[in-house]
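Below: one structure, written as structure tokens.
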Amino acid sequence: MSIVKAALVQTAWTGDKESMIDLHEKYMRDAAAQGAQVMCFQELFYGPYFCQVQDADFYSYAEAIPDGPTVKRFQELAAELGMVLVLPMYEEEQPGILYNTAAVIDADGSYLGKYRKTHIPQVKGFWEKFYFRPGNLGYPIFETSVGKVGVYICYDRHFPEGWRELGLAGAQIVFNPSATSRGLSSYLWDIEQPASACANMYYIGAINRVGIEPLGDNDFYGTSYFVNPRGQYVGERASGEKEELIVRDLDLDLIEETRNQWAFYRDRRPDTYTMIAAG
């Protein structure tokens, strides 16, 4: 068997950026102590979910990727701990050009690249078009020391096309860092990632923050989890109310076994999907 120990952490807003970064460093060290080889933080991990309001002051949270201080700090930590890290951040490409991004760092500390959130919502409590341009880097796969890793961020998960792009590109583990609150879409949290995992026959790590933040009344409900290529939970889900680190064993051999059994990719008919290609 090819077992990878993978970690997710869900946290509440501490009140300032520096303490959030310190907290995530602590959780990363805790994960390493449990043997974790790869880890993902929650969406926009070092800030509040500021998209609950439209306020240009929050543009100051954006940093360069990979040349900003936070990526550099976690490159050093990844190398120290020998851990692959998916680092969801607010990115400034240049003044006025901002993205919701995840940097991917290999276990030797090397920067492998980034994914920019593709689908950007603009509804009450999720005013993201005020802060982010739509991603323009496609759906990259990162060749890491633990295997082929992809990223899909929060609202992206409602769009099956991207999940499929990642699978066809060879993803073995896809992380979906999120800031998802109770309400209309909360039941989808239990459906979409398991369905996407089995449709594409890879592992998904779904991460959500917890708590109610001062900027709004969004109640972030945690329940972070891993699902396997058959859409089954890997161990228990995390708490719906408390900060929690989860570390799970992912058997990558199950990917090939499932694909040989179900053969969904073999039986696809892309020549018939004309409406998808036409938009």
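The values are calculated or read from the model by the stated rules, or taken from the named source; none is laboratory data. Just so you know, these numbers come straight off a predicted model, no measurement behind them. Because the Cβ atoms are built from the backbone with ideal geometry, glycine has one as well, and the counts that use them run over all protein chains shown.
Being in contact with a Ser or Thr (Cβ under 8 Å, 6 or more places away or on another chain) and of a type in the set (Phe, Trp, Tyr) narrows it down to one of Tyr90, Tyr59, Tyr49, so name that one. Walk me through it before giving the result.
On the way: Tyr59 fails: in contact with a Ser or Thr (Cβ under 8 Å, 6 or more places away or on another chain); Tyr49 fails: in contact with a Ser or Thr (Cβ under 8 Å, 6 or more places away or on another chain).
Testing whether each residue is in contact with a Ser or Thr (Cβ under 8 Å, 6 or more places away or on another chain) and of a type in the set (Phe, Trp, Tyr) leaves just Tyr90.
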Residue in segment 248-256 that is touching a Gly at 6+ places or on another chain (Cβ under 7 Å) and at pLDDT 95 or above present: yes
By residue number, the members of segment 246-279 that are hydrophobic (A, V, I, L, M, F, W, C), surrounded by 11 or more Cβ atoms within 10 Å (Cβ to Cβ) and without any contact (Cβ under 8 Å) to a residue 60 or more places away in the chain are Leu254, Ala263
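Acidic (Asp, Glu), on the phi < 0 side of the Ramachandran plot and assigned to a strand (DSSP E or B): which single residue out of Glu80, Glu76, Glu143 fits that description?
On the way: Glu80 fails: assigned to a strand (DSSP E or B); Glu76 fails: assigned to a strand (DSSP E or B).
Only one candidate passes the filter, namely Glu143.
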Within segment 52-63, residues being surrounded by fewer than 19 Cβ atoms within 10 Å (Cβ to Cβ), outside any helix (DSSP H, G or I) and out of contact with any helix residue (DSSP H, G or I) (no Cβ under 8 Å at 6 or more places or on another chain) number 2
Matching residues, segment 181-219, being surrounded by fewer than 24 Cβ atoms within 10 Å (Cβ to Cβ), aromatic (Phe, Trp, Tyr) and at pLDDT 95 or above: Trp189
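Tally time: how many residues in segment 211-237 are hydrophobic (A, V, I, L, M, F, W, C) and under 20 Å from Pro194 (Cα atoms)?
To start, the set of residues in segment 211-237 that are hydrophobic (A, V, I, L, M, F, W, C) comprises 212, 215, 220, 226-227, 234.
With the extra rule that they be under 20 Å from Pro194 (Cα atoms), the set shrinks to 220, 226-227, 234.
Counting residues in segment 211-237 that are hydrophobic (A, V, I, L, M, F, W, C) and under 20 Å from Pro194 (Cα atoms) gives 4.
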All positions within segment 1-40 that are of a type in the set (S, T, N, Q), surrounded by 13 or more Cβ atoms within 10 Å (Cβ to Cβ) and within 23 Å of Leu250 (Cα to Cα): Ser2, Gln10, Thr11, Gln37
Take the residues of segment 226-243 that are touching a residue at least 40 places away in the same chain (Cβ under 8 Å) and under 16 Å from the mean Cα position of the chain (by Cα): which is nearest to Asn176 (Cα to Cα)? Phe226
List the number of the failed condition for Ser2; all other conditions in (1) more than 17 Å from the chain's Cα centre (by Cα); (2) at pLDDT 95 or above hold. (2)
Any residue at all in segment 148-164 that's more than 18 Å from Leu8 (Cα to Cα), modelled with pLDDT of 95 or more, among the aliphatic types (A, V, I, L, M) and outside any strand (DSSP E or B)? no
